[in-house]
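Asker: Provided herewith is a single structure, encoded as structure tokens, for subsequent inquiry.
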């Protein structure tokens, strides 16, 4: 009887357990469609924690203004409102921080009609500068979106013959000077004043010396020279401005120094030598040179750049160290089809414009990224010991983060803990800094063991001064005696 | 004439040493290979003992086989090239003397590179000039010994010595070029047969 009950219970229990498992709600599995990685100091790509995850998307189709069409540029104003350059629809769409439509800029008729605009810049006071590319002009609108005036193609002998004005991106500095990227212009950024007068080229890329070209030109005849392709500097693709008046540029067609920070006199202050941005090598296919199409600077100096070759976004700190990579090619939320522009708002959310999908993807920072950003902000401002505590946590989370080791090493060096600093520098592969810490440690070591070094020096001196000659004398004497005893025949021969 | 005595002799009295080895039955083939092997060991030892901040390569980028080939092949090609050039141009050296003598020219490197490398463990990078100066001196000594060897073994005067040295370097380059060429052709040739074999196997 007892066994029967247990058996029945068993029979009843089994389906109950099965039901329990089936009816349990399926656990949602949220993961990003891209894997976090970073290029470490050994030049390898290693796993890292994602710094940015997809938050939401803004699709033009859900706005009263209708879908975007091949939008080329994003700009986020100081009040966190978003300006989208809707190139295909010949308009600028102004959105609030809550994704609501505020206004549409660009008249349907008259002088305020845009034609294929590719860039927009909004000043503090809300006046809008549009790079009206196909109309070959810069169009100015006031904060309500009413057309003010236009700056037509500048005229200057400096521009040279056959110059074609095709403004695509621009920024405006405090003096109301415009810095304009004109497509296909290799002479640098065009500086244009508020009246539309050309003021000169700014910060052009240099033409690197090429021995082969030089030799060819040395030998070639005039006719051959005419047929040779002319060597031109590389053109800028985009630009951004930070609060201090530095202008950041992106350059296409090179694998080094694609990102530059130009000082107000046009000198690159970001790269001392040749720095590589983007991916250093690519697996499973031929290496593709990174093509940075857009760049954004936040108030802390973080550089975020969009590489359209890999459809990924790369974030660097103020010194040019890679912090995060995210995005990629694909159809899911978080990856892009054809990204064209990016911008960052005051909260640190990154907007990426996808011109093929006609939508804007928003990425928010992860807690890990918040920590790294905070630590990096303290670090680049030289507050190493405050940053150290956060970097320690960063390493706890992600042991592959080489900048953290380097930063902690610097904090320890500053705190005169040279031996520990050496260990951290070693983990970060920072040989120059390691050597400095080592030098300090050596001084410390000798000072601590001064008695040993001093007595060692005395012993060495005495040994060399008296011990060695004494030893030599003994050996010579021993040899002389040994020679006499060991070779008696010689003596006999001499005697006879 | 033991190996140790010869090593002391080549360091202290290189002219006498290269005169001495021309006596019959003074040299053994094994000495040459032994010294080259020791030079390889010294090289690996110096790579291991190098101070961290002086390292220019990651550990995984260093290959024992590669380092060995980079000592063995230059030694063999230098000897072969030098022998062939000097034999045509009335040099008196025999191949054995040249080969083993060249190996003995590595003695300063063998003896000194380890102590000099140990120095990098107490020097910082800013004092690196001292280290590079010392390694330069070591290589200079080795080069000087090679020249002395050429002069004494073949009994050349200075002008001819320079001429022969340049010719030897040229011949080395030619040997290497032919070697690489042969390697390329051979691998093409072999891969052709492998491809044919594969093709036949797929068809059957």
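Asker: Using the structure shown, decide if residue A:424 is crowded, with 17+ Cβ neighbours inside 10 Å and either without any contact (Cβ under 8 Å) to a residue 24 or more places away in the chain or more than 25 Å from residue A:300 (Cβ to Cβ) (or both).
Answerer: Answer is yes for this residue.
Asker: Residue check: is residue B:72 more than 14 Å from chain A (Cβ to nearest Cβ), within 30 Å of residue A:437 (Cβ to Cβ) and free of Cβ contacts under 8 Å to residues at least 40 places away in the same chain?
Answerer: When the stated conditions are applied, residue B:72 does not pass them.
Asker: Moving on to the next point. Select the helices (runs of 4 or more DSSP H) contained entirely in the range A:378-467, then report the ones holding at least 3 residues which are within 13 Å of chain B (Cβ to nearest Cβ) and more than 38 Å from the chain's Cα centre (by Cα).
Answerer: So the answer is none; nothing clears 3.
Asker: Tally the residues that are on the phi > 0 side of the Ramachandran plot and within 13 Å of the chain's Cα centre (by Cα), restricting the search to the range A:237-281.
Answerer: Residues flagged as on the phi > 0 side of the Ramachandran plot and within 13 Å of the chain's Cα centre (by Cα) within the range A:237-281 amount to 2.
Asker: Something else about it: Being surrounded by fewer than 11 Cβ atoms within 10 Å (Cβ to Cβ) and over 29 Å from residue B:50 (Cβ atoms) narrows it down to one of A:465, A:447, so name that one.
Answerer: Sole residue among the options that is surrounded by fewer than 11 Cβ atoms within 10 Å (Cβ to Cβ) and over 29 Å from residue B:50 (Cβ atoms): A:465.
Asker: Let me ask you something else. Using the structure shown, decide if residue A:197 is surrounded by 12 or more Cβ atoms within 10 Å (Cβ to Cβ) and over 15 Å from residue A:159 (Cα atoms).
Answerer: Spelling it out, it is not the case that residue A:197 is surrounded by 12 or more Cβ atoms within 10 Å (Cβ to Cβ) and over 15 Å from residue A:159 (Cα atoms).
Asker: Now for a separate question. Which residues, counting only those in the range A:360-369, are over 17 Å from residue A:318 (Cβ atoms) and assigned to a helix (DSSP H, G or I)?
Answerer: If the condition is that a residue be over 17 Å from residue A:318 (Cβ atoms) and assigned to a helix (DSSP H, G or I), then A:367, A:368 are the ones that fit.
Asker: Return a yes/no flag: does the range B:102-115 have any residue that is touching a helix residue (DSSP H, G or I) at 6+ places or on another chain (Cβ under 8 Å) and not in a helix (DSSP H, G or I).
Answerer: Yes; the residues of the range B:102-115 include at least one that is touching a helix residue (DSSP H, G or I) at 6+ places or on another chain (Cβ under 8 Å) and not in a helix (DSSP H, G or I).
Asker: Is it the case that residue B:60 is part of a helix (DSSP H, G or I), out of contact with any strand residue (DSSP E or B) (no Cβ under 7 Å at 6 or more places or on another chain), over 19 Å from residue B:10 (Cα atoms) and within 14 Å of chain A (Cβ to nearest Cβ)?
Answerer: Criteria met by residue B:60.
Asker: Would you pick out the residues in the range A:79-116 that are touching a residue at least 60 places away in the same chain (Cβ under 8 Å) and assigned to a loop (DSSP other than H, G, I, E, B)?
Answerer: A:80, A:97
Asker: For the range B:58-84, name all the residues that are surrounded by fewer than 17 Cβ atoms within 10 Å (Cβ to Cβ) and under 21 Å from residue B:37 (Cβ atoms).
Answerer: B:62, B:63, B:64, B:65, B:66, B:67, B:69, B:70, B:72, B:73, B:74, B:76, listed by residue number.
Asker: Please report, ordered by residue number, the strands (runs of 3 or more DSSP E) entirely within the range A:250-338 with at least 1 residues that are touching a residue at least 60 places away in the same chain (Cβ under 8 Å) and surrounded by 15 or more Cβ atoms within 10 Å (Cβ to Cβ).
Answerer: Ranges flagged: A:259-262, A:292-297, A:312-316, A:322-327.
Asker: A follow-up question, please. Do we have any residue at all in the range B:36-49 that's free of Cβ contacts under 8 Å to residues at least 60 places away in the same chain and not in a helix (DSSP H, G or I)?
Answerer: The answer is no; no qualifying residue exists.
Asker: Here are some residues: B:99, B:133. Which one is modelled with pLDDT of 95 or more and either out of contact with any strand residue (DSSP E or B) (no Cβ under 6 Å at 6 or more places or on another chain) or within 14 Å of chain A (Cβ to nearest Cβ) (or both)?
Answerer: The conditions single out B:133.
Asker: Of everything in the range B:85-102, what is farther than 16 Å from residue B:25 by Cα and surrounded by 15 or more Cβ atoms within 10 Å (Cβ to Cβ)? Give them in sequence order.
Answerer: The answer is B:85, B:86, B:87, B:91, B:102.
Here is a yes/no grid of residues against (1) in a loop (DSSP other than H, G, I, E, B); (2) under 32 Å from the mean Cα position of the chain (by Cα); (3) surrounded by fewer than 23 Cβ atoms within 10 Å (Cβ to Cβ):
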| site | (1), (2), (3) |
| --- | --- |
| A:155 | yes, no, yes |
| A:163 | yes, no, yes |
| A:171 | no, yes, yes |
| A:175 | yes, yes, yes |
| A:181 | no, yes, no |
| A:187 | yes, yes, yes |
| A:191 | no, yes, yes |
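Asker: Got at least one residue in the range B:138-147 being within 14 Å of chain A (Cβ to nearest Cβ), more than 19 Å from residue B:36 (Cβ to Cβ), modelled with pLDDT of 90 or more and loosely packed, with under 13 Cβ neighbours inside 10 Å?
Answerer: no
The values are calculated or read from the model by the stated rules, or taken from the named source; none is laboratory data. For clarity, every value in this text was computed on a predicted model and none was experimentally measured. In this analysis, Cβ positions are derived from the backbone assuming ideal geometry, glycine residues included, and neighbour counts consider all displayed protein chains.
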